[in-house]
Protein chains: 4
Amino acid sequence: MIHVTVWNEFRHEKIDSKAKEVYPEGIHQQIATFLEEDNFTVQTATLDEIEHGLTLEVLENTDVLVWWGHIAHQEVTDDIVKRVHQRVLEGMGLVVLHSAHMSKIFMKLMGTSCDLKWREAEENCRIWNVNPSHPIVEGIGEYIELEKEEMYGEHFDIPAPDELIFISWYPGGEVFRSGCTYRRGNGKIFYFQPGHETYPSFYNEGVQKVIRNGIRWCKPTQNSYPVYGHHEPLETISELGGRQQ
Amino acid sequence: MIHVTVWNEFRHEKIDSKAKEVYPEGIHQQIATFLEEDNFTVQTATLDEIEHGLTLEVLENTDVLVWWGHIAHQEVTDDIVKRVHQRVLEGMGLVVLHSAHMSKIFMKLMGTSCDLKWREAEENCRIWNVNPSHPIVEGIGEYIELEKEEMYGEHFDIPAPDELIFISWYPGGEVFRSGCTYRRGNGKIFYFQPGHETYPSFYNEGVQKVIRNGIRWCKPTQNSYPVYGHHEPLETISELGGRQQ
Amino acid sequence: MIHVTVWNEFRHEKIDSKAKEVYPEGIHQQIATFLEEDNFTVQTATLDEIEHGLTLEVLENTDVLVWWGHIAHQEVTDDIVKRVHQRVLEGMGLVVLHSAHMSKIFMKLMGTSCDLKWREAEENCRIWNVNPSHPIVEGIGEYIELEKEEMYGEHFDIPAPDELIFISWYPGGEVFRSGCTYRRGNGKIFYFQPGHETYPSFYNEGVQKVIRNGIRWCKPTQNSYPVYGHHEPLETISELGGRQQ
Amino acid sequence: MIHVTVWNEFRHEKIDSKAKEVYPEGIHQQIATFLEEDNFTVQTATLDEIEHGLTLEVLENTDVLVWWGHIAHQEVTDDIVKRVHQRVLEGMGLVVLHSAHMSKIFMKLMGTSCDLKWREAEENCRIWNVNPSHPIVEGIGEYIELEKEEMYGEHFDIPAPDELIFISWYPGGEVFRSGCTYRRGNGKIFYFQPGHETYPSFYNEGVQKVIRNGIRWCKPTQNSYPVYGHHEPLETISELGGRQQ
């Protein structure tokens, strides 16, 4: 049983009538709904809650954190970002969705600007699977097609992904590395492009499948945490230092 | 339930008294034994069986193939190598152990000589985990220590692994990339260094755990196989080709 | 001074009037022409020459081999493929163009089918630079646009590239990893997609720049070749094997 | 001509008699000396200078910045770290030496703790070349041996390197990924392990060669900087969005 916390900025859905129409209870609730149909224990957290809903206790009980944010990245306090960062390094998984590419936590983990090209133009988009043996694409086939998605285009200023999973095509002539995995410390991270607040991408079966697979892939590996700092030798070294005769 | 076939050359254990003593029923039987304790369905196959025990039917019913070979790589027929290769590209997992680094099937999948330095000197060896979030190291901790293992040293002539999992230390002054993953076609491959025929490495609990984890990691992803060849456009292209005004 | 050998199958340009019109002296001559403008020593070789023009002497004097082939991959003898393969492992660079993705030498180095989707439909194509700090993209900017190129689409059955340099966009809705680097043995390999025999891609300034940069990137590293086989310890190991008290 | 700035914390060499003995004019001066023998334009900068010697003007005229720090990482101001970070994303190369693995700038670029095991015990160390075709190992051969170096051991908490160049062996039983490359934004980064302040590693010919090669590898690629933000379509998209009939 994987414990998932779905974090959402939850601002667009309160103030933007289009976003409200598509996600009346918030993006987090829609994600929680399709996760609960599966074998996950799900809770949600949002920006305007105390500590953004991400108390030490919540994070300690989170195997995988799903993150959606857009217009209020700067309102996430540095203390909470540091806390989430520390938990990722300890092993918590992180699924980063759509405009969260410029969230403080993703930028802190990547070390780059995470900037890109974008356009909202009611365009369709085709998300090509370029890693057919990866568990994240289980059941996906060759591509996912969305009738409408925000265009995100290269250059995407990220480190080269550990594994490139998806590349998106847009009719305006752009491409985008839209599914990327990373490891940082003991934690696994999956970035996935879909999810504009006024488009119904989180109702798409393929998108839902990828997020579920992504959460499973991100779940912590049970192991002792590496030990750092001063280290006594494991071998007798007094006799060493001389070359073989 | 993962269907595993353990393939062994099974020659040393018939002719070499030391190997016979350590693995009286063959390396394949010892591997099968510790796999059966887990949630795997296991069968074995050996070089001297008809079609080396790797009939079309056997391979079609194999999710993950484990391969051990050493002195008789050249006796594996090219037809069977081609058949195994095809099954890996279709999605079958492959766990390559120890001296199978120079098996025909591994070399065909890698495209390099797969050569290395080696020495049999009753040395100890320490296999460091350098990828703590990877499922293959689940339950392993910081390292596995073996009292005796054959030294394998760099340079190891392999493509840069997709994921480097282990690096080994040897008292004679050498290091070795001893746990490496690759993807080829729809298939996943895991190379793991331990397993000299006269040393009891396959009785070591850590080695057993890694092989079990490796098999789970290698299991096929359920998906449609990609389509290749001539491809009709998915978008109307007659209006295209002109640049935006 | 880099010694380049440009190898071309040189069949289309003899029998196909369109190819003849675009490349009257053969694709190899056009490539040689724009390389000679730069700081390279260039020779050419073609399929129908003795030993396909790739004698031991020619290869020994080649720093980087450029390869174009399409309809006659099977006519390249296995002996010559083996010879080229050996030279790559020893350090010779290899630039693989367009339909040479299914040449014997590229498949042997990759270990996969190297298959893909394709379509000849007079489409335009946009080759996006996704690796802006790489020397192969020096002077290229954000993308290269070609008025006409054959569509090559995912899934492209290659190992994950060591470095992904370009991703192509096609109007029919496809994407393609069109610039990929690999290392095999001591050798460097660069695959680049453009170059259909009836389209003038090798007259395009951007394409020419990439091939020149690719050759420079592929040039051999001066070093001693690694030693393989039995290896005496570099440290005194008699006192070892016991753990630190 | 590559413009190199060698930055040194320059504290040990003022207060620690052993460090003073080995590097009487500071580590930066020793590095500058062996770089000046080559085709580089070299300047130095140290922590206690105004703006740590890293004014906007200095950084704008720096192609590659070499960084050594240890006991005073926290004294480097966040403003200067941000400035150096921005320059790396714009294309400046960065060579990170030894204990600078925990410098603010390296940690910011990596997104991890960059922690490791360490020990000062007058041990020898063998730095194995595991990437023989890489320009950074030009002229190095199979390994570099140092009579004395501080032990740095795994797990090293870094992202998986884009390219792994060296793995070090230590007599106490440890291994370390001691040569690693990364790309961040338009910039290239090379981490190299040797260089403890009381050992003469920067007088070692092999170490010097690697640092020179590393600087050459890190030099900026001449190109336009990618454009981010709102992006007009490059293709006419009004006719699109419908699937092929």
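The values are calculated or read from the model by the stated rules, or taken from the named source; none is laboratory data. What you see is a predicted model, and the numbers here were worked out from it, not measured in a lab. With ideal geometry, Cβ positions are generated from the backbone for all residues, glycine too; neighbour counts draw on all protein chains shown.
Brief remarks follow.
- Residues in the stretch A:134-145 that are surrounded by 22 or more Cβ atoms within 10 Å (Cβ to Cβ) and over 19 Å from the mean Cα position of the chain (by Cα): A:TYR143 alone.
- The set of residues in the stretch B:101-127 being within 18 Å of the chain's Cα centre (by Cα) and within 9 Å of another protein chain (Cβ to nearest Cβ) consists of B:MET107, B:LYS108, B:LEU109, B:MET110, B:GLY111, B:THR112, B:SER113, B:ASP115, B:LEU116.
- Any hit, the stretch B:161-168, residues being under 16 Å from B:SER201 (Cβ atoms) and crowded, with 24+ Cβ neighbours inside 10 Å: yes
- Segments classed as helices (runs of 4 or more DSSP H), wholly inside the stretch B:9-114, with at least 2 members that are within 28 Å of C:LYS82 (Cα to Cα): B:78-90, B:104-110
- Yes/no for C:VAL4 being more than 14 Å from chain B (Cβ to nearest Cβ) and either hydrophobic (A, V, I, L, M, F, W, C) or in a strand (DSSP E or B) (or both): yes
- Among the residues listed as D:ILE80, D:ILE50, the single one being in contact with a helix residue (DSSP H, G or I) (Cβ under 6 Å, 6 or more places away or on another chain) and either free of Cβ contacts under 8 Å to residues at least 60 places away in the same chain or of a type in the set (Val, Ile, Thr) (or both): D:ILE80
Here is a yes/no grid of residues against (1) in contact with a Lys or Arg (Cβ under 8 Å, 6 or more places away or on another chain); (2) of a type in the set (Asp, Glu); (3) surrounded by fewer than 20 Cβ atoms within 10 Å (Cβ to Cβ):
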site	(1), (2), (3)
C:TYR23	no, no, no
C:GLU36	no, yes, yes
C:ASN39	no, no, yes
C:LEU59	yes, no, no
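- Answer from A:ILE136, A:ILE144, A:ILE167, A:ILE189 - the residue that is modelled with pLDDT of 95 or more and within 8 Å of another protein chain (Cβ to nearest Cβ): A:ILE167
- Reported count of residues in the stretch C:115-137, each being of a type in the set (Ser, Thr, Tyr) and assigned to a helix (DSSP H, G or I), is 0.
- Flag if A:ILE140 is closer than 30 Å to C:ASP115 by Cα and either aliphatic (A, V, I, L, M) or part of a loop (DSSP other than H, G, I, E, B) (or both): yes
- Scanning the stretch D:166-195 for residues being in a strand (DSSP E or B) and within 13 Å of the chain's Cα centre (by Cα) gives a total of 13.
- Cβ-Cβ contacts under 9 Å between residues 6 or more apart (or on different chains), taken from a first residue in the stretch C:14-35 that is on the phi > 0 side of the Ramachandran plot to a second residue that is hydrophobic (A, V, I, L, M, F, W, C), are listed as C:GLY26/C:PHE10.
- Summed over the stretch D:115-133, the residues that are surrounded by 22 or more Cβ atoms within 10 Å (Cβ to Cβ) and closer than 17 Å to D:TRP68 by Cβ give a count of 1.
- You will find that of C:TYR203, C:TYR191, the residue that is among the aromatic types (Phe, Trp, Tyr) and either touching an Asp or Glu at 6+ places or on another chain (Cβ under 8 Å) or buried (at least 19 other Cβ atoms within 10 Å of the Cβ) (or both) is C:TYR191 and no other.
- Note on the stretch D:147-156: residues that are facing chain A (nearest Cβ under 8 Å) and surrounded by fewer than 20 Cβ atoms within 10 Å (Cβ to Cβ) total 1.
- In a residue-by-residue description of the stretch D:198-216, the property of being assigned to a loop (DSSP other than H, G, I, E, B), within 11 Å of another protein chain (Cβ to nearest Cβ), over 24 Å from C:ASN223 (Cβ atoms) and touching a residue at least 12 places away in the same chain (Cβ under 8 Å) applies to no position.
- Residues being within 30 Å of D:LEU94 (Cβ to Cβ) and without any contact (Cβ under 8 Å) to a residue 40 or more places away in the chain - total across the stretch A:132-157: 3
- Residue within the stretch B:221-235 that is of a type in the set (Phe, Trp, Tyr), buried (at least 24 other Cβ atoms within 10 Å of the Cβ) and within 14 Å of chain C (Cβ to nearest Cβ) present: no
- D:GLY241 modelled with pLDDT of 95 or more, touching a strand residue (DSSP E or B) at 6+ places or on another chain (Cβ under 9 Å) and either part of a loop (DSSP other than H, G, I, E, B) or within 23 Å of D:GLY26 (Cβ to Cβ) (or both): no
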